[in-house]
Structures are given as structure tokens and as C-alpha cells.
Ligand code: NDP
């Protein structure tokens, strides 16, 4: 169907970053309901790390990457109205870290004119995540206080802004003075350098006049879970949405009783874009906010595919701010 070839980031076996290799591959052919996309940028995400390491099972070898944006070059039958030349983005299609990827039309959304493709790739997975966390997992109301961990990170920066856009107050955490300054600039009311405090929950309680927060958004996991739980007000909600520091070990549910009838949930994006309507609603709101200048997307680094190992080293090593993208 096509004689195009291009580089692809291949995970040759489960393991560390040394299993990554760039290979020249023929562009795959789109089947019914699919489109072939020339990728402008692919997002760098923790899910890529979990898949590479084998925590989330994917048989090797496979092409890495889940998120991206680019231009449709050809379509299979019944591609949902998408035609060559369409600018599209998608949050979770495996194989996105490549010049060419086949994307199910049902997983792609059209990128509006006011949003460039690099920004679209940067905001898809993390923007949709911050959106469902603040609208569905715990719908932030005016005056609510939200604890946001790793607030200088990809999801974190977007969470800070979306909580504030809904009238909430943010207690943010970040590692080190530079990251804390970046979070302050985004408008977080309180910023705690959690590498510098002994008792994070006590600090959060002090900042909330002893009351605790209505919701804790925790993508750090093992290292912050206990403090997140101890920071909640009675009947507060802990949304544990990731494990950047490692998985949280099993929890005694009596702790939820002792803490004051607490709620804990472990949500994931796929369950919140399960229908076409929901995907389009969330993507529409995120892209709309970006285009209107109400949601700032910080691209913290652009890497060639051949430098992907360095991008993941930076992400896994806590050296990044905002979002990293790969340019294939
Ligand atoms: P970030 O850009 O937030 O990077 C992770 C940050 O976590 C680091 O920069 C660091 O910030 C902090 N961190 C704390 N401890 C560690 C550690 N031991 N190792 C590495 N980082 C650490 O990443 P993302 O925005 O891409 O993802 C954040 C979390 O959200 C991840 O856990 C990811 O899996 C999850 N996620 C979940 C989704 C879902 O639907 N459930 C969807 C998307 C992401 P600092 O230096 O400030 O401590």
C-alpha cells in the first residue's frame, strides 16, 4: 500500500533503557477503521516505562510510545471521516514513538487550528488525565482544597491549573526550589518542597488551618501515599493515579475508618475515555483551554528518537519539568 519507511523506537526485551533501539521500519498499512499517521511528536510517559520494564505486560519486541500527534497520510475503509491531511492526536495507541503509526480512528481526535501538533502531543495523555481527575474522580468545587503532588511534572502542572480553573485552592508539592518556583508561577496557593520537610501531612494540615484537604491527587505513590491519606479531611478523597516512586503496598482498610470515613480510588485514563463521546468531550475541553490561553502546556524537553534513552533517564531521574516529547 505504501513504500514509506521511517525510524521506530523498539523495545527489544523487558528491562532498563538499554533495551531501547531505533530501527528503520516500513510504515504499517492501515486496516478497516484505522489511519496511517506521520508522527510530528510522541509523548514521553511513565506508562512507557512500565511497559518497557514489563510491569504492564506487553510481549517484546514492540514499538514504544502511546501518545502522539501528526498528520494522516492514508486511511483504511471506514476511518470515521478522517482523510489524508487531517491533523490528529491520540492518548494511548502503542507504537507511537515512530515516524509512522497506525491509529484506530476511534482513538484519534482532530486537533483544532489553534493548537500546534507538538503541544497536542504533549497535552493528550496528561491533559485528559488531569481533566478526568478534576471533573470525574473528584469533581472540584469552588473553595475545595486539593493536594497535588509532583506539581511541576507533566500531569501535576495541568492539575494545578485545572483545579484553580474550577475555583479550587491548591496545596502543591514539588522536589527542590526550582520546581517549587515553577509551581508558584502557575498560581498554586501553597507550595511545599517535600524533599525538605520532615512531616508532610503536618505541613499540609498547618496550611489548611488543621482541617485537611478535600482531595489528594497522588501520582507519586509509595513515597507519598501515607502523607496523602493523613492529609485528608474527614470524608476526603485520595485519588492514587500513579506510582512514580513505586507501587503502594497493600493497605489495611481500617485506616480509612480511623482517618474519618475516607475514600481511596485508583483510577486510570482508559476507563475515562471509554466511549467516543467521553473522549471528544474531554479532548474538546482540554484543547479549547489550550487554544484560549487558559491552560499552559510546558514542553520541558524535545528529544530525537535516537536520544530517547536520555529522555527516559531524565523522566525516571526526577530531572524534568512539564512534558517531554520525542521528535521522530
Ligand atoms: P512527571 O512529569 O510528574 O514525573 C514524575 C515526577 O514524580 C518526578 O518529576 C518527581 O517530581 C516525582 N517523583 C517523586 N518520586 C519519584 C521517584 N522516586 N522517581 C521518579 N519520580 C518521582 O510524570 P507524569 O506527569 O508523566 O506522570 C506522573 C504520574 O502520573 C506517574 O505515576 C504516571 O504513571 C501517572 N499517570 C497516571 C495516569 C492514569 O490515568 N492513572 C495517566 C498519566 C499518568 P519531584 O522531583 O517534584 O518529586
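The values are calculated or read from the model by the stated rules, or taken from the named source; none is laboratory data. Nothing here was measured: the structure is a model prediction, and the numbers come from that model. Cβ atoms come from the backbone with ideal geometry, glycine included; neighbour counts cover every protein chain shown.
The single condition from (1) under 13 Å from the mean Cα position of the chain (by Cα); (2) part of a helix (DSSP H, G or I); (3) near the ligand (Cβ under 7 Å from one of its atoms) that residue 132 fails is (3). Restricting to segment 291-306, and then to whatever is farther than 16 Å from residue 123 by Cα and surrounded by fewer than 15 Cβ atoms within 10 Å (Cβ to Cβ), can you tell me which residue is farthest from the ligand (Cβ to nearest atom)? Going through the qualifying residues, I end up with 306. Exactly one residue among 179, 222 is more than 26 Å from residue 301 (Cα to Cα) and within 12 Å of the ligand (Cβ to nearest atom), and that residue is 222. Restricting segment 307-328 to residues that are assigned to a strand (DSSP E or B) and within 12 Å of the ligand (Cβ to nearest atom), the residue that is nearest to residue 154 (Cα to Cα) is 323. Scanning segment 234-255 for residues that are over 16 Å from the mean Cα position of the chain (by Cα) and assigned to a strand (DSSP E or B) returns 234, 235, 236, 237, 238.
Taking the listed residues 28, 32, 7, the one that is in contact with a strand residue (DSSP E or B) (Cβ under 7 Å, 6 or more places away or on another chain), assigned to a loop (DSSP other than H, G, I, E, B) and in contact (Cβ under 8 Å) with a residue 40 or more places away in the chain is 28, with no other qualifying. Within segment 181-200, the set of residues being under 15 Å from residue 155 (Cα atoms) and without any contact (Cβ under 8 Å) to a residue 60 or more places away in the chain comprises 183, 188. The condition of being touching a residue at least 60 places away in the same chain (Cβ under 8 Å) and surrounded by fewer than 16 Cβ atoms within 10 Å (Cβ to Cβ) holds for only one of 260, 288, 210, that being 288. Residue pairs, Cβ under 6 Å, 6 or more apart or interchain, first in segment 264-282 and more than 18 Å from residue 221 (Cβ to Cβ), second part of a helix (DSSP H, G or I) and more than 12 Å from the ligand (Cβ to nearest atom). List them. That search, which allows pairs on different chains as well, returns 273/279. Of everything listed in (1) assigned to a loop (DSSP other than H, G, I, E, B); (2) touching a helix residue (DSSP H, G or I) at 6+ places or on another chain (Cβ under 6 Å), the single unmet condition for residue 222 is (2). When restricted to residues that are within 15 Å of the ligand (Cβ to nearest atom) and buried (at least 22 other Cβ atoms within 10 Å of the Cβ), segment 166-176 contains 5. Of all the residues in segment 209-219, those that are assigned to a loop (DSSP other than H, G, I, E, B) and within 20 Å of residue 137 (Cβ to Cβ) number 2. For segment 78-113, taking the residues that are touching a helix residue (DSSP H, G or I) at 6+ places or on another chain (Cβ under 6 Å) and at pLDDT below 95, the one that is nearest to the ligand (Cβ to nearest atom) is identified as 80. Residue 264 fulfils the conditions (1) touching a helix residue (DSSP H, G or I) at 6+ places or on another chain (Cβ under 8 Å); (2) within 11 Å of the ligand (Cβ to nearest atom) except for a single criterion, (2). Residues in segment 142-151 that are away from the ligand (no atom under 16 Å from the Cβ) and either within 18 Å of the chain's Cα centre (by Cα) or in contact (Cβ under 8 Å) with a residue 60 or more places away in the chain (or both): 2 in all. Within segment 43-64, the set of residues being in contact with a helix residue (DSSP H, G or I) (Cβ under 6 Å, 6 or more places away or on another chain) and either surrounded by 24 or more Cβ atoms within 10 Å (Cβ to Cβ) or without any contact (Cβ under 8 Å) to a residue 40 or more places away in the chain (or both) comprises 43, 44, 45, 56, 64. Whether a residue is surrounded by 18 or more Cβ atoms within 10 Å (Cβ to Cβ) and within 16 Å of the ligand (Cβ to nearest atom) was assessed, and residue 127 passes this test.
When the criteria are applied in full, residue 251 fails the requirement of being closer than 20 Å to residue 168 by Cβ, more than 16 Å from the ligand (Cβ to nearest atom) and touching a strand residue (DSSP E or B) at 6+ places or on another chain (Cβ under 9 Å).
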